[in-house]
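Written out below as structure tokens is the structure these notes cover.
Values quoted throughout were computed directly from the atomic coordinates according to the rules given, and no laboratory measurement underlies them. The model shown is predicted, which means the values in this text are computed figures rather than measured ones. Neighbour counts are summed over all protein chains in view; Cβ atoms, including those assigned to glycine, are modelled from backbone coordinates with ideal geometry.
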């Protein structure tokens, strides 16, 4: 069982939860509202079952992607990472293929169940189509573009971008429609794409940097990847500084509200500095030295910082948003330590 948990990088499920949380909070609270009952009402409209099906589909998309990632890399891993579950033979290749297919089909079935929760006259099966897009991008990355410089990184960024949009189904198909068609059909709804774009840029930068672990590269490529990563972090910081609830620190109705808002902003500032420092330290070392061996720590720090990025974005949307995600961090770190891929 431990080998299967390693194969699917089970700790990454916590980042999926943080992605879902950040996407939902940005979609609901990016404007003036702060009332948590708005979110509760949204969840209740489609029923708790719909929410569970969306979460299940997201998890299965992730699990499928991780398995197909290692299946695609198994020949290379026999040389570079022979102790991993697949190249070591601890998990049979046939069993891994079956699991990858089962998880992929399961994701589509869960998405179809989301569509079945509403009447047929309410439109096409948005959830099924959206999951199909994410799954197609996963297969495109793992089976076609992964080893193609730049294109593989762009595909992975599109996977996370599309998944962040898929997460809006937690609020209902109307949010998904607005995110996809909003900039054209309903101007003013572009805020729904803010988080997917920030996450996509961050992942694009991280994946570009990770390419330099396995191929010869130039320092300028490290600079481009870093610009994307730190640009995404800076964008999240700008979202915090421009948070619609920030003026309430000086205009709050009561001392408790003022203190709470001030503490939330302080938390956001700490998250920004924490994330920036944790990624910048190994990045600057790699940039100065230029050795491929120093790229790994940069990638590890950046991937470990995804939840911090999500918490920062969530805090900019709602003062309590970051706290919700930070509650997951200890479990993520513990799981990552216990179930570490070789």
### Task
Report, largest value first, the span of the C-alpha coordinates of region 124-274 along each principal axis, in whole Å.
57, 46, 22
#### Entry: Least to most buried among 284, 275 (fewest other Cβ within 10 Å first)
284, 275
### Summary
Checking 274, 245, 53 against a Gaussian network model of the chain (alpha-carbon springs below 10 Å), the top fluctuating residue turns out to be 274
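Decide, for region 280-342, between rounded, prolate and oblate: order the square roots of the alpha carbon gyration tensor eigenvalues as a ≥ b ≥ c, take rounded if a/c falls under 1.5, and otherwise choose prolate if a/b is larger than b/c, else oblate.
The shape class here is oblate.
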#### Entry: Computed helical MRE - 222 nm, the chain, DSSP H runs ≥ 4 contributing -39500 (n - 2.57), nearest 500
-24500 deg cm²/dmol
### Message
Cut-off is 10 Å between beta-carbons; in what order do 156, 1 appear when sorted fewest neighbours first?
### Response
1, 156
### Query
Mind checking which of 44, 201, 317 has the largest fluctuation in a GNM of the chain, springs on alpha carbons under 10 Å?
44
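Subtracting the Cα-Cα distance from 0.36 nm times the residue separation, let me have the gained length for residue 238 to residue 284 in nm, one decimal.
Here the segment from residue 238 to residue 284 would lengthen by 14.3 nm.
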### Task
Divide, for region 1-122, the radius of gyration over alpha carbons by 2.2 N^0.38 Å, where N is the residue count.
1.35
### Query
Where a ≥ b ≥ c are the square roots of the eigenvalues of the C-alpha gyration tensor, would you call region 89-153 rounded, which needs a/c under 1.5, or, failing that, prolate if a/b is larger than b/c, or oblate?
oblate
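What does the C-alpha gyration tensor say about the overall shape of region 206-342? Classify as rounded when a/c is under 1.5, otherwise prolate if a/b is larger than b/c, or oblate.
On the way: a/c = 3.50, a/b = 1.93, b/c = 1.81.
Prolate is the answer for region 206-342, as a/c is 1.5 or above and a/b outweighs b/c.
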### Using alpha carbons only: equivalent-ellipsoid semi-axes of region 2-338, gyration tensor based, whole Å
32, 27, 18
#### Entry: Among 227, 157, 236, residue whose mean-square fluctuation peaks in a GNM of the chain (springs only between Cα atoms under 10 Å)
227
#### Entry: P(r) tail fraction, region 15-62 - alpha-carbon pairs more than 18 Å apart, %
35 percent
## Note on the structure
Expected sort for 263, 66 with the fewest Cβ neighbours (10 Å cutoff) up front is 263, 66
